[in-house]
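This report refers to the structure that appears directly beneath it.
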Amino acid sequence: MDLLEIRKKLDQIDKELVRLFEQRMDLCRQVAEYKIETGKPVYDEERESQKIKSVRELAESEENKQGAEEMFRQLMTVSRRLQYRLLAENGQDMQLHFKAVDSLPKAGVRVVYQGIEGAYSHGAALQYFGDNVDAYHVKTWEAAMEEVEKGRADYGVLPIENSSAGVVEDNYDLLMEYHNYIVAETFLPVKHALLGLPDASLEEIKTVFSHPQGLMQCSEYLDSHPDWKKISVENTAVAAKKVIEEGDKTQAAVASEIAGRLYGLKVLQSSVNYNKENTTRFIIVSRQPIYKKTADKVSICFELPHKSGSLYNILSNFIYNNVNMVMIESRPVKDKNWEYRFFVDVEGNLGDSAVNNALKGIEEEAVNMRILGNY
């Protein structure tokens, strides 16, 4: 057969495949109607495993066995998506405990952040809540999450991702450990300045203090002064506080200009970090499961076994419902070898039916799925 004849036969087979596919989907619709009446779950792992085994046995070559398995896994995924949608249309959608609000309460609230006054987390709190916010600090990110969960603070401000350094892994883990919810986010540009005493000059500087990452982010500028001694401290605000407290004109700090204003330091050189686009994303957490009606990002997490195709099957819930995924991050599950927890951000609102259907599918198929927030 020549190529045209082969393609003609392929077209005939494809036409028959589509006819059979539509016939199969009609039967899947009937299955959904039965499950609506009986309350049976959509996802039946044992039934799907048996089905995969039987279709593999129908194929002759090992290559075709694998291909048949892949095709039928996809068919069953599409079938589940249809069934989830039909269940939602019949009032059996995901039961959300979140409440939609017009705006987030900001008046008279207490806000907690990690670090000390002048730290970038403090700057993020001021940026989101305003300069007059009742904000206080604790030593660790975990302590901040605990303050919120215990009700001693209305909101907590935590860094979650930096455009240069990547995600803050410890804070992802804290989102699972504490029953707080992401209600907002704010993006704070990282603009380091060289800060000195009010009567100091650039020519007098001999020692520079900062957080290790601050020193790294300003390495090009600092390396242009090879005679300067660079010393790491707990964070950039601690560096600024150290300079003012020790009163040594030969000492300077790499920190934010906010820290400089708070501690009465002079800007000896502004914008000394080499990446001028460096930005940190901070999340605002609350113990209240609320979201603004205009929220357009949903964060979730779930666990999956270390098994071929498990992540693909979960993410297909987004594909089928036309929900756009904008971020995925994985973390190992504590005390479970080779099992992972995935953190995913998608575009959308918890009031959207497509988002609701996708989350319903993930809730049915994953382990320990949680909605972390809509913001």
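The values are calculated or read from the model by the stated rules, or taken from the named source; none is laboratory data. The model shown is predicted, which means the values in this text are computed figures rather than measured ones. Note that each Cβ is placed from the backbone with ideal geometry, even for glycine, and that neighbours are counted across all protein chains shown.
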Notebook entry, point to check: Does V78 fit the bill of being over 30 Å from A32 (Cβ atoms) and either modelled with pLDDT under 90 or part of a strand (DSSP E or B) (or both)?
Noted result: no
Check: For segment 22-57, which residues satisfy the criterion of being of a type in the set (V, I, T) and assigned to a helix (DSSP H, G or I)?
Finding: V31, I36, T38, I52, V55
Next item on the list: Could you give me the residue pairs with C-beta distances under 7 Å whose first residue belongs to segment 254-274 and is in contact (Cβ under 8 Å) with a residue 60 or more places away in the chain, whose second residue is surrounded by fewer than 20 Cβ atoms within 10 Å (Cβ to Cβ) and part of a strand (DSSP E or B) wherever it lies, and which are 6+ apart or on separate chains?
Entry: E257/V267; G260/V267
Next item on the list: Could you list all residues from segment 363-375 that are surrounded by fewer than 22 Cβ atoms within 10 Å (Cβ to Cβ) and under 15 Å from P305 (Cα atoms)?
Entry: E363, E364, V367, N368, M369
Check: Does any residue of segment 278-296 turn out to be in a loop (DSSP other than H, G, I, E, B) and more than 28 Å from V148 (Cα to Cα)?
Finding: yes
Check: Across segment 297-324, which residue is farthest from the chain's Cα centre (by Cα) among those that are assigned to a helix (DSSP H, G or I) and among the hydroxyl-bearing types (S, T, Y)?
Finding: Y320
Next item on the list: Can you give me the number of residues within segment 212-240 that are within 19 Å of L126 (Cβ to Cβ) and surrounded by fewer than 24 Cβ atoms within 10 Å (Cβ to Cβ)?
Entry: 2
Next item on the list: Inspect all residues belonging to segment 94-112 and state whether any of them is under 26 Å from L359 (Cβ atoms), at pLDDT below 95, crowded, with 19+ Cβ neighbours inside 10 Å and not polar (S, T, N, Q).
Entry: yes
Check: Can you pull out the strands (runs of 3 or more DSSP E) entirely within segment 126-217 that have at least 1 residues that are at pLDDT 95 or above and acidic (D, E)?
Finding: 134-138, 181-189
Next item on the list: With the condition kept exactly as written, say whether any residue in segment 253-264 is surrounded by 22 or more Cβ atoms within 10 Å (Cβ to Cβ), in contact with a His (Cβ under 6 Å, 6 or more places away or on another chain) and not charged (D, E, K, R).
Entry: yes
Next item on the list: Can you confirm whether segment 6-21 contains a residue that is touching a helix residue (DSSP H, G or I) at 6+ places or on another chain (Cβ under 8 Å), assigned to a helix (DSSP H, G or I) and outside the structural domain of N357 (by TED's automatic domain parsing)?
Entry: yes
Item checked: Candidate set from segment 1-45 (those that are among the aliphatic types (A, V, I, L, M) and touching a residue at least 12 places away in the same chain (Cβ under 8 Å)); member that is surrounded by the most Cβ atoms within 10 Å (Cβ to Cβ) -> A32
Item checked: Selection count where residues are at pLDDT 95 or above and touching a helix residue (DSSP H, G or I) at 6+ places or on another chain (Cβ under 8 Å), scope segment 22-34 -> 2
Note to self: Please go through segment 309-348 and give me each residue that is charged (D, E, K, R), out of contact with any Cys (no Cβ under 9 Å at 6 or more places or on another chain) and under 28 Å from S79 (Cβ atoms), ordered by number.
What the structure shows: E339, D345, E347
